[in-house]
Amino acid sequence: MTDEPTAQRHALLEGTGVHDVPVPLIGLGTWPLWGAECEDAVASALEAGYRHLDTAENYANEDAVGRAVAASGIPREEVFVTSKFNRRWHGGTDLVRAALEAGLERAGLEHFDLYLVHWPNPDQGRYVQACASLAELVGTGLIRSWGVSNFTPEHLQAVLDAGLVPAVNQVYCEPRDAQRPVQDANLLAGVLTAAYTPLGRGSGLLAEPAIAGIADRTGHTPAQVVLRWHVQQGRIAIPKSADPRRQRENLDVFSFALTPEDMAAIDALDVSVAGGASSHRADPERFGH
Ligand SMILES: NC(=O)c1ccc[n+]([C@@H]2O[C@H](COP(=O)([O-])OP(=O)(O)OC[C@H]3O[C@@H](n4cnc5c(N)ncnc54)[C@H](OP(=O)(O)O)[C@@H]3O)[C@@H](O)[C@H]2O)c1
């Protein structure tokens with residue numbers, strides 16, 4: 001299906017008009033890597049062709065990610081780096097700017113391409129203000145775009161009601177818990193969905209017969225089938241792997257397509273549609289950092 005591989009690797013972040021930054025659909029997740037292990041993983045990913053890296057203040061690895069980017073010799077403008085900040089920084093522009101400057105300092109970078117409110121932490125009641133601060137900071141050149149993470153449709157609506165449109169909402173999303181209501185709300189608002197834990201983080205997803213069967217039939221691995229399902233529905237996916245072979249495998253999802261029947265069979269694994277709860281996903285009403 002990929003007559004235009006480059007086009008398939010990039011989706012325009014459509015938001016308010018300041019968010020027209022192209023982002024590769026497959027990024028490298030870096031939690032829970034840190035130190036030399038993280039640096040090595042990012043180095044091998046960049047070598048394999050990754051140009052999108054996902055880090056966060058809370059992962060304590062912005063430094064390692066930044067060192068690997070610098071050591072790679074790849075021009076900075078060719079690598080898309082996402083980071084996120086913690087709850088104590090939710091507030092006015094000066095406070096969010098302090099979080100941002102500290103993150104950039106740790107990473108040794110002059111800007112992040114995307115900067116996210118990591119969790120809404122509704123108990124504090126300051127996530128809308130944090131978003132307004134992020135929107136202000138785009139003009140400083142310290143970030144190229146901003147977004148949110150773990151926002152429910154209700155949290156997103158509060159942000160939209162303030163006249164603010166995040167570029168991205170990064171949320172838990174895998175076939176058994178695809179969070180359709182969140183994806184639908186994102187789509188309606190022009191917010192790109194980024195899937196974290198896209199492979200189900202070792203919870204047996206890759207052994208699901210529906211996925212293994214498609215993998216066998218198409219000659220791809222179960223992880224490739226799942227990642228293809230994500231990108232074929234227009235989502236960013238940020239699989240974590242510290243293994244160079246699996247990193248290459250996870251990036252190689254642009255040279256084949258799943259049939260509508262395959263897509264429907266994977267969609268049918270979604271227990272949340274029937275009201276089933278995910279055993280893996282934290283509740284953003286109660287959890288956050
Ligand atoms: N915004 C948020 O609140 C939030 C929350 C959680 C995670 N995240 C981000 O999302 C990223 C990914 O999520 P995740 O780490 O939870 O889960 P994941 O990417 O779904 O799964 C990672 C696990 O899958 C294994 N794996 C990777 N590729 C594989 C392959 N091709 N075949 C078989 N196994 C494979 C990895 O092992 P190996 O390393 O050994 O390959 C690792 O154990 C994180 O690293 C982080 O950057 C964001």
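Computed values, structure above
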{"quantity": "FRET efficiency for D283 and E101, using Cβ-Cβ distance with R0 set to 30 Å, rounded to 0.05", "calculated": "0.45"}
{"quantity": "Residue among W31, W119, W229 with the largest mean-square fluctuation in a Gaussian network model of the chain, springs linking Cα atoms under 10 Å", "calculated": "W31"}
{"quantity": "Alpha-carbon gyration tensor eigenvalues x 5, square-rooted, for the chain, Å", "calculated": "28, 23, 17"}
{"quantity": "Under the span-like rule (Cα at least 18 Å along the axis, Kyte-Doolittle mean at least -0.5), DSSP H helices of the chain", "calculated": "35-48, 93-107"}
{"quantity": "Portion, in percent, of the accessible area of the chain that falls on carbon or sulfur, probe 1.4 Å", "calculated": "52"}
{"quantity": "Net charge of Cβ neighbours under 12 Å - reference D94; Lys, Arg +1; Asp, Glu -1", "calculated": "-1"}
{"quantity": "Prolate/oblate/rounded call for the range 59-206, Cα gyration tensor, a/c under 1.5 rounded", "calculated": "oblate"}
{"quantity": "Rotationally averaged projected area of the range 174-289 (alpha carbon convex hull; nm²)", "calculated": "8.2"}
{"quantity": "The range 130-212: relative contact order as a whole-number percent, Cα under 8 Å and 6+ apart", "calculated": "25"}
{"quantity": "Computed over the chain: relative contact order in percent, which uses C-alpha pairs under 8 Å that are six or more apart", "calculated": "21"}
{"quantity": "Structure-based [θ]222 nm, the chain - -39500 (n - 2.57) summed over DSSP H runs of at least 4, per residue, nearest 500", "calculated": "-11500 deg cm²/dmol"}
{"quantity": "Rounded accessible area of E285 (nearest 10 Å², 1.4 Å probe)", "calculated": "100"}
{"quantity": "Distance in nm between pseudo-label sites at E261 and D40 (7 Å out along the Cβ direction from Cα)", "calculated": "4.4"}
{"quantity": "Choice from L269, L28, L251 with maximal GNM fluctuation in the chain (Cα, 10 Å cutoff)", "calculated": "L269"}
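The values are calculated or read from the model by the stated rules, or taken from the named source; none is laboratory data. Please read these numbers as outputs of a predicted model, since none were measured by experiment. When we count neighbours, we look across all protein chains shown, and the Cβ atoms used for this are built from the backbone with ideal geometry, even at glycine. Side chains are part of the model used for accessible areas, which takes the heavy atoms of the whole protein and leaves out ligands, DNA and RNA. Shrake-Rupley method; radii C 1.70, N 1.55, O 1.52, S 1.80 Å.
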